[in-house]
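As structure tokens, the structure follows; a few thoughts come after it.
Read the figures in this text as sums done on the coordinates, not as results from a lab. It should be emphasised that the depicted structure is a prediction, and the values quoted were computed from it without experimental measurement. Here Cβ is always computed from backbone atoms with ideal geometry, including for glycine, and neighbour counts include all displayed protein chains.
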Amino acid sequence: MAVIHVKAEGDEEKQFLYECPCAVMIDEMAQAILEISSFQSHISTLSLHLRRHVLTHHCRESYPDFAVSLDRTLSEAETYASKNQVLHERALSPRLLRDHVRCIEREVQVALSMGLVDSDMPQLSPDGNLPEGTKLFWAGKELSREKRLTEYIGDNEKTKIVVTLKPAHSIS
């Protein structure tokens, strides 16, 4: 498996590892990478909002079991989606990120039933907050979605490359 170290242009916090076979189409790889990036951003947004607006002193005092459960769920999701996974050489999976978002959704449903969530709650499902036309760059060149990864890096399955995500509007 080739290891792709993905970095978002201009945001040092948004980075992760992705593993894929060398023979993968760039388009397929790009879709998975963009999905991971979207989930990573979404978990960050939800966690920030829920910690500020739901995990208040009132919630911790009135509903201690729920507060512990929500805090644990958010911490697990944040830890999995963290850039620290790069330091530990752990690749992220869209499926596991989706599972973490679902766990947060379940906690939000409980909070709704308790009247703890207000109307300005961010939407629960990721909105694909990456701009349409986001491109992948490696070694200063755009990766063409019609090609295979092997056309860029060869057949060595132990290759590790750094790919940068660039929104279409920032490409000059």
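Tally up the residues in the range 78-92 that are surrounded by 12 or more Cβ atoms within 10 Å (Cβ to Cβ) and in contact (Cβ under 8 Å) with a residue 12 or more places away in the chain, please.
So the count comes out to 9.
For the range 16-99, which helices (runs of 4 or more DSSP H) that fit wholly inside it have 3 or more residues that are closer than 18 Å to Lys160 by Cβ?
Ranges flagged: 26-53, 84-87.
Condition (residue is out of contact with any Asp or Glu (no Cβ under 6 Å at 6 or more places or on another chain), of a type outside the set (S, T, N, Q) and under 25 Å from Ser144 (Cα atoms)) applied to the range 97-105: is it met by at least one residue?
No; the residues of the range 97-105 include none that is out of contact with any Asp or Glu (no Cβ under 6 Å at 6 or more places or on another chain), of a type outside the set (S, T, N, Q) and under 25 Å from Ser144 (Cα atoms).
On the basis of being farther than 20 Å from Lys158 by Cβ and under 10 Å from the mean Cα position of the chain (by Cα), does Glu78 make the cut?
Yes; evaluated as a whole, the condition is true for this residue.
Within the range 1-15, can you find the residues that are among the aliphatic types (A, V, I, L, M) and not in a strand (DSSP E or B)?
Within the range 1-15, just Met1 meets the criteria.
Any chance you could count how many residues in the range 1-58 are acidic (Asp, Glu) and closer than 16 Å to Glu151 by Cα?
Residues meeting the conditions: 2.
Which members of the range 1-46 meet the condition of being surrounded by 14 or more Cβ atoms within 10 Å (Cβ to Cβ) and polar (S, T, N, Q)?
The answer is Gln15, Ser37, Ser38, Gln40, Ser41, Ser44, Thr45.
Is there a residue in the range 11-27 that is in contact (Cβ under 8 Å) with a residue 24 or more places away in the chain and under 18 Å from Val108 (Cα atoms)?
Checked the range 11-27: no residue is in contact (Cβ under 8 Å) with a residue 24 or more places away in the chain and under 18 Å from Val108 (Cα atoms).
When the residues of the range 55-77 are narrowed to those that are within 26 Å of His5 (Cα to Cα) and of a type in the set (A, V, I, L, M), which ends up surrounded by the most Cβ atoms within 10 Å (Cβ to Cβ)?
Per the stated criteria, the residue is Ala77.
Name, by its number, the condition in (1) touching a residue at least 40 places away in the same chain (Cβ under 8 Å); (2) more than 30 Å from Leu116 (Cα to Cα) that does not hold for Gln31.
Single failed check for Gln31: (1).
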